[in-house]
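Here's the structure we're looking at; comments come further down.
Just so it is clear, none of the values below were taken in a lab; they were calculated from the coordinates. The structure displayed is predicted, hence computed values, not measured ones. Please note: Cβ atoms are built from the backbone with ideal geometry, for glycine as well, and neighbour counts cover all protein chains shown.
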């Protein structure tokens, strides 16, 4: 009897200890989230300093917490449309200038899945390298600011990342080689920055990628042939760079490609016939390159072009008759070439 009572007592004490440990763990995590959010707020400055007040951070505008654990899962701070987190169904209106930094304190928010801080214009500094430790992160959108420095070298550690949008900043350096490890990535937008160097040759590993917007940078080298392996790619924009060499023939065989914008590069050689026979391609801009030779007579009667711009190249010969057989032709520009009359 005494043994049974003793065992019950031990079990009771063990349960209490486990509850205390669990409570300490939860409270410790919540405290860490609070201090991390406050440090993020203080580094950002501006309107957020007054909007994020008190200790109940789950009701701060732009923050979403997991209902059961009350851990921070989303930070959504948009300036452009004055709307905050659609997950919280809130409408936010921020006033005042934000001239702060993206604090590395956010790396302590280890349950974070969404970080959107967009279109503030004056937020500067670098992307904290520790951001790659946020293993649950699915959306990283810092577009429309003045962020400088490079893309973190080990960005590829974020294997849950679906959206990477760093457009319209002052980011420099090259595209990290590890970016090809983002196996879940669907949207890559690094347009309008100062990014240089070559596109990783094995970019074709990004099997889920459907949009790659990389225009308005200083990218050089040739177009990797592995791009053609991106079977889900619908929109590819490499415009206004310094990309040279020829357009890979395989590009025209991409099954769902609808937009190909290679405007204002240093491309040479002939235009692959497959680009004109691909009936899904509706927006094709190859203007302001050094493309030469004759246009292939490979236009399909099923083609539907909203934009076909081949202007400012070195194309010659006759305009193929098959161009007149396409189902639809919107904006067509063949000017400033050497076509026969």
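What's the long-distance tail for the range 114-182, i.e. % of Cα pairs beyond 15 Å? The proportion of pairs with Cα distances above 15 Å equals 49 percent. In this simple spin-label model, placing a label point 7 Å from the Cα along the Cα-to-Cβ direction at both residue 34 and residue 302 gives a separation of 6.3 nm.
Normalising by residue count, the range 138-213 has a Cα convex hull of 71 Å³ per residue. Taking label positions 7 Å along the Cα-Cβ direction at both residue 135 and residue 332, the computed distance is 5.7 nm, reported to one decimal.
Computed from Cα positions, the angle between helix 2-44 and the longest principal axis of the chain comes to roughly 50 degrees. Going from the residue with the fewest nearby Cβ atoms within 10 Å to the one with the most, 58, 65, 130 rank 130, 58, 65.
Note on residue 253 and residue 194: the extension gain reaches 18.2 nm, defined as 0.36 nm multiplied by sequence separation minus the Cα-Cα distance. Packing order of peptides 289-297, 185-193, highest average first: 185-193, 289-297 (average count of other Cβ atoms within 10 Å over each peptide's residues).
Dividing the Cα radius of gyration by the Kirkwood radius, what Rg/Rh value follows for the range 181-307? Numbers along the way, then the final one.
Numbers: Rg = 13.8 Å, Rh = 14.6 Å.
My calculation of the ratio gives 0.94.
Full extension of the segment from residue 244 to residue 42, taken as 0.36 nm per residue of separation minus the current Cα-Cα distance, would add 68.2 nm.
Calculate for the chain the 222 nm mean residue ellipticity that helices alone would give, adding -39,500 (n - 2.57) per DSSP H run of length 4 or more and normalising by residue count, nearest 500 deg cm²/dmol. Please list the in-between numbers first.
Numbers: 3 runs with 51 residues, N = 341.
Roughly -5000 deg cm²/dmol at 222 nm, from the helical runs in the chain.
Sorting 279, 118 by the number of Cβ atoms found within 10 Å of their own Cβ, with the fewest placed first, yields 279, 118.
Once the Kirkwood radius over Cα pairs is known for the range 243-301, the Stokes-Einstein relation at 20 °C and 1.002 mPa s delivers a diffusion coefficient of 184 µm²/s. A simple spin-label model places pseudo-atoms 7 Å from Cα toward Cβ; at residue 172 and residue 234 they are separated by 3.6 nm. Taking all C-alpha pairs of the chain, those more than 38 Å from each other amount to 33 percent.
Applying 1/(1 + (r/R0)^6) with r as the Cβ-Cβ distance of residue 290 and residue 122 and R0 = 35 angstrom yields a FRET efficiency of 0.35. Binning all Cα-Cα separations of the range 246-341 at 5 Å, short to long from zero, yields these whole-percent fractions: 3, 15, 26, 30, 21, 5, 1. By the count of neighbouring beta-carbon atoms within 10 Å, fewest first, 287, 226 end up ordered 226, 287.
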